[in-house]
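Asks: My structure is below; once you've seen it, I'll send some questions.
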Amino acid sequence: MVTRVTSFRRNGLSDWLIQRVSSLILLAYFLFIGVQIANGIDYTSWRALHDSTAMKVFTLLAIGAYVAHAWIGLWTVFTDYLTEYMLGSIGKVVRPVVQIVVVLALVVYAIWVIQVIWS
Amino acid sequence: MLRVSVYRFNPETDANPQMQEYQVETGGRDLMVLDVLEMIKAEHDASVTYRRSCREGVCGSDGLNINGKNGLACITPLSDAVKNDKLVVRPLPGLPVVRDLVVDMSLFYAQYEKIEPYLQNSSPAPAIERLQTPEDRAKLDGLYECILCACCSTSCPSFWWNPDRFVGPAGLLQAYRFLADSRDQATDDRLAKLDDPFSVFRCHGIQNCVNVCPKGLNPTRAIGHIRTMLLKRAA
């Protein structure tokens with residue numbers, strides 16, 4: 001049996017809602033960045049864009065949405081496929097290990113992004 | 001002659017399941033898959049084991065995997081099922097096999113029991129019956145017709161992966177049947193019991209359930225209604 005102790009909010013509705021709201025934030029962010037790049041951008045204007053407080057907040061919002069979206073999505077995938085049903089008793093070990101690796105990767109990624117945009 | 005390949009497994013004597021082939025003379029008739037199984041049992045091999053009862057799509061006993069698609073053997077004609085002059089019959093996927101085409105439905109029934117499939121109403125019972133308006137009664141159409149054959153739940157990957165936690169399409173269709181019932185007073189309690197990451201939200205909208213339901217019902221739509229009710233309840 002897979003447990004839900006590592007679910008994002010331990011509540012299906014919250015996870016479901018966060019997944020959808022975060023996808024909209026990410027869509028808006030990548031569309032905005034895509035439009036900027038399509039319009040032609042050089043280093044100076046790219047730097048100026050990311051120096052503005054509004055853009056920093058938008059980027060922070062996007063990375064927050066990314067972390068939440070990735071965690072909920074991967075948690076769902078892991079609890080579907082990396083289970084005792086699929087892997088036998090080793091599933092009890094494999095899933096927590098993979099989850100810890102993913103959490104660490106997401107935290108490191110978030111810290112890295114924050115450092116880049118505020119430095 | 002129709003080539004029929006049937007899944008055979010007796011846990012008491014066989015180490016592994018195997019497919020056994022039979023040549024069945026259908027006389028060119030468009031028989032139902034159950035008729036072919038009956039012919040095999042009567043004329044070829046009396047040990048072939050399967051469930052059947054009403055033979056007209058009402059009891060839900062003979063849910064089988066027929067040429068890769070779940071369905072009721074008694075109402076699936078050969079013209080719909082046979083591919084390349086071959087009929088392949090397996091038990092419903094994802095459930096433990098008791099013998100040949102008979103599966104252990106305990107997990108399926110445990111999920112059905114979990115949604116408390118009965119009216120809950122604590123107000124004093126009227127002298128005759130609890131009445132509904134025609135409009136309220138109409139809300140149950142497309143829900144009450146389920147015969148619990150398990151074709152939908154056993155075609156659902158989410159149910160294969162988490163049969164102990166995910167209620168499955170059949171159970172959720174019935175959950176919504178009672179949530180939508182104007183005579184039921186346990187709506188909030190029912191929703192509270194479904195508000196975890198597995199019971200409802202493990203549905204990924206794959207819609208295999210809609211594809212295979214022999215009664216033409218739509219569990220995915222019912223699950224969508226439950227999600228909406230959960231959202232309104234939490235808002």
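Asks: Measure nothing but the geometry: give the 0 to 90° angle between the long axis through the Cα atoms of B:219-234 and the longest principal axis through the Cα atoms of chain B, rounded to 10°.
Replies: Here the helix axis deviates by roughly 20 degrees.
Asks: Which of the peptides B:117-124, B:176-183 is most tightly packed, and how do the rest follow, going by the mean number of other Cβ atoms within 10 Å of each residue?
Replies: Peptide ranking by packing, descending: B:176-183, B:117-124.
Asks: Each residue of segment B:178-183 in order: what ³J(HN,Hα) in whole Hz does its phi give by Karplus 6.51 cos²θ - 1.76 cosθ + 1.60, θ = phi - 60°, with x for Gly and Pro?
Replies: 8, 5, 7, 7, 5, 8
Asks: If you don't mind, there's one more thing I want to ask. Can you give me the convex hull volume of the Cα atoms of the protein assembly as shown, divided per residue and expressed in Å³? Kindly include the intermediate steps, with their values, before the conclusion.
Replies: Values: hull volume 76.3 nm³, N = 354.
Given the Cα convex hull of the protein assembly as shown, per-residue volume reads 216 Å³.
Asks: Thinking of segment B:113-235 as a set of Cα atoms, what percent of all their pairs are more than 24 Å apart?
Replies: Everything past 24 Å amounts to 26 percent.
Asks: Within 10 Å of each Cβ of B:160-170, how many other protein chain Cβ atoms are there on average?
Replies: Numbers: counts 3, 7, 6, 1, 3, 5, 1, 0, 0, 0, 0.
Mean number of neighbouring Cβ atoms from other chains: 2.
Asks: While we're here: Go through chain B and flag any cysteine with no other cysteine's C-beta closer than 4.7 Å, please.
Replies: Result for chain B is B:CYS74, B:CYS146, B:CYS149, B:CYS151, B:CYS156, B:CYS203, B:CYS213, no neighbouring Cys Cβ within the cutoff.
Asks: Report the equivalent ellipsoid semi-axes for segment B:26-79 in whole Å, largest first, defined as the square roots of five times the eigenvalues of the gyration tensor built from alpha carbon atoms.
Replies: Numbers: eigenvalues 54, 41, 23 Å².
Equivalent-ellipsoid dimensions as semi-axes: 16, 14, 11 Å.
Asks: Which value at 222 nm does the protein assembly as shown reach when only helices count, each DSSP H run of 4 or more adding -39,500 (n - 2.57), with the total divided by all residues and rounded to the nearest 500 deg cm²/dmol? Could the numbers behind the result be given before it?
Replies: Values: 14 runs with 168 residues, N = 354.
Value at 222 nm, helices only, nearest 500: -14500 deg cm²/dmol.
Asks: If you don't mind, there's one more thing I want to ask. Using the number of other C-beta atoms within 10 angstrom as an exposure proxy, rank A:ARG95, B:ARG52 with the fewest first. Please report the intermediate quantities before stating the final value.
Replies: Working: A:ARG95 22, B:ARG52 17.
By the 10 Å Cβ count, ascending, the order reads B:ARG52, A:ARG95.
Asks: Here is a follow-up. From Cα coordinates alone, what are the radius of gyration and Dmax values for segment B:149-216 in angstrom?
Replies: Gyration radius and largest Cα-Cα distance of segment B:149-216: 12.3, 35 Å.
Asks: Within 10 Å of each Cβ in peptide A:11-19, how many partner chain Cβ atoms are there on average? Round it to a whole number, please. Walk me through the intermediate numbers first.
Replies: Numbers: counts 6, 11, 12, 4, 3, 6, 5, 0, 1.
The per-residue average across the peptide is 5.
Asks: Still on this structure: Jot down the radius of gyration and Dmax of chain B, Cα atoms only, both in angstrom.
Replies: For chain B, the Cα radius of gyration and maximum Cα-Cα distance read 20.0, 63 Å.
Asks: Roughly how many whole Å is it from the C-alpha centroid of segment B:198-235 to that of segment B:80-134?
Replies: With segment B:198-235 and segment B:80-134 each reduced to a Cα centre, they are spaced 16 Å.
Asks: At a Förster radius of 30 Å, what calculated FRET efficiency corresponds to the Cβ-Cβ distance of A:TRP118 and A:VAL98, to the nearest 0.05? Could the numbers behind the result be given before it?
Replies: On the way: r = 31 Å, r/R0 = 1.02.
According to the calculation, E is roughly 0.45.
Asks: Considering the dipole of chain B built from charges on the beta carbon (Lys and Arg +1, Asp and Glu -1) around the Cα centre, which of B:ASN211, B:ALA15, B:GLY71 is farthest to its positive end?
Replies: Highest projection toward the positive end goes to B:ASN211.
Asks: Let me check I have the definition right: for segment A:13-118, take the eigenvalues of the Cα gyration tensor, multiply each by 5, take square roots. What are those semi-axes in whole Å, largest first? If you can, show how the numbers build up before the last one.
Replies: On the way: eigenvalues 237, 44, 25 Å².
In descending order, the three semi-axes are 34, 15, 11 Å.
Taken together, the values in this text are just the output of simple stated rules run on the coordinates, not laboratory data. Worth saying up front: this structure is predicted, and the values here are computed from it rather than measured. Don't worry about glycine lacking a Cβ; one is built from the backbone with ideal geometry, like all the others, and counts go over all protein chains shown.
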